[in-house]
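Novice: Here it is, the structure, as C-alpha cells.
The values are calculated or read from the model by the stated rules, or taken from the named source; none is laboratory data. Small disclaimer: the values here were computed from a predicted structure and weren't measured. Every residue, glycine as well, gets a Cβ built from its backbone with ideal geometry; the counts of neighbours run over all protein chains shown. Heads up: the accessible areas ignore ligands, DNA and RNA and are worked out on the full protein's heavy atoms, side chains in. Shrake-Rupley method; radii C 1.70, N 1.55, O 1.52, S 1.80 Å.
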Amino acid sequence: VGENFEAAIVLATKSRKAGAVDAILTFNPDLFQVVAVNEATIFTEYPQLKFDNTAGKVAVSATTSLDDQEGVEGGEVARVIFSPLKSGQGEIVFLFSPGSTTDSNVVGAGATEDILGAVENLQITVK
C-alpha cells in the first residue's frame, strides 16, 4: 500500500493487423484507484483515455490514422497507473464478449469486423 503500480494494455495479434482498439477495463475501486491512463506509441490517435474511480472503470480507444490501411501488428496500447488503497486481492478485468461491439474490441486493419478472440485479465495482490 502506498506505492503506485502500472498495468499495460497489450495487443497481441497473430496473423492479422489491427486498425483500432477499444479496451474497457473494470476494477474494484475499494482496493485501488486510477491515477492516470497514458497512451503508448503503436497507434497514432487516442480519441478516448478515460477512467472513473467511482464506477471502477477504464476506457481506452486507439486507432491508426485514416490514411494507414496497414495497421499495427501488436504491442503496448496504453498504460494505466493505479494507486492502492488497502491490502487485498483484486482483478483488473477486460469487459469482453465474443461478437459484441459494445465492449473491448479489436478492428482489423482496413476492415470493419471485430478480430478480438480472447483477453487475459490481471490478478493483483496489494500488500
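Novice: Where in segment 89-113 is the amide nitrogen less than 18 Å from a point lying 7 Å along the Cα-to-Cβ axis of Asp30?
Specialist: 89-93
Novice: In the chain, carbon and sulfur make up what percent of the accessible area (probe 1.4 Å)?
Specialist: 48
Novice: Here's another thing I want to ask about it. Name the residues whose placed amide hydrogens come within less than 5 Å of the amide hydrogen of Ile9, ignoring near sequence neighbours (fewer than 5 apart) on the same chain.
Specialist: Val77, Ala78, Arg79, Val80
Novice: Still on this structure: Express the accessible area of the chain per residue in Å², computed with a 1.4 Å probe while the remaining protein chains stay in the model.
Specialist: That works out to 56 Å² for each residue.
Novice: At a Förster distance of 25 Å, what's the computed FRET efficiency of Ala12 paired with Thr125, Cβ-Cβ distance as r, to 0.05?
Specialist: 0.55
Novice: Something else now. Taking a virtual spin label 7 Å from the Cα of Thr112 along the C-beta vector, which residues in segment 17-53 bring their backbone nitrogen under 18 Å of it?
Specialist: 19-22
Novice: Kirkwood hydrodynamic radius of the chain from all distinct Cα pairs, in Å? Kindly include the intermediate steps, with their values, before the conclusion.
Specialist: Numbers: mean 1/r = 0.0667 Å⁻¹.
It is 15.0 Å.
Novice: Now for a separate question. If the reach is capped at under 15 angstrom between alpha carbons, list the aspartates and glutamates near Lys50, excluding any in the same chain fewer than eight residues apart.
Specialist: Asp22, Glu39, Asp103
Novice: In addition: Quick one: net charge around Ile42, please, counting Lys, Arg +1 and Asp, Glu -1 for every other residue with C-beta under 9 Å from its C-beta.
Specialist: -2
Novice: Then there's this: For Glu3 and Leu49, FRET efficiency with R0 = 22 Å and r from the beta-carbon atoms, rounded to 0.05?
Specialist: 0.45
Novice: Related question: Between beta-carbons, use under 11 Å as the cut-off and find the net charge around Ser104, counting Lys and Arg +1, Asp and Glu -1.
Specialist: Result for the neighbourhood of Ser104: -3.
Novice: Okay, moving on. When Lys and Arg each count +1 and Asp and Glu each count -1, what net charge do the other residues less than 14 Å away from Ala12, Cβ to Cβ, add up to? Numbers along the way, then the final one.
Specialist: Details: positive: Lys14, Arg16, Lys17; negative: Glu73, Glu76, Glu120.
Around Ala12, the surrounding residues sum to 0.
Novice: So for the chain, taking the charge dipole from beta-carbon charges (+1 Lys/Arg, -1 Asp/Glu), which of Ser15, Gln89, Ala59 sits furthest toward the positive end?
Specialist: Positive-most Cα among the choices belongs to Gln89.
Novice: Among 2-10, 72-80, 88-96, how do they line up from the highest to the lowest mean number of other beta-carbon atoms within 10 Å?
Specialist: On the way: 2-10: 13.2, 72-80: 18.8, 88-96: 15.9.
Packing proxy ranking, top to bottom: 72-80, 88-96, 2-10.
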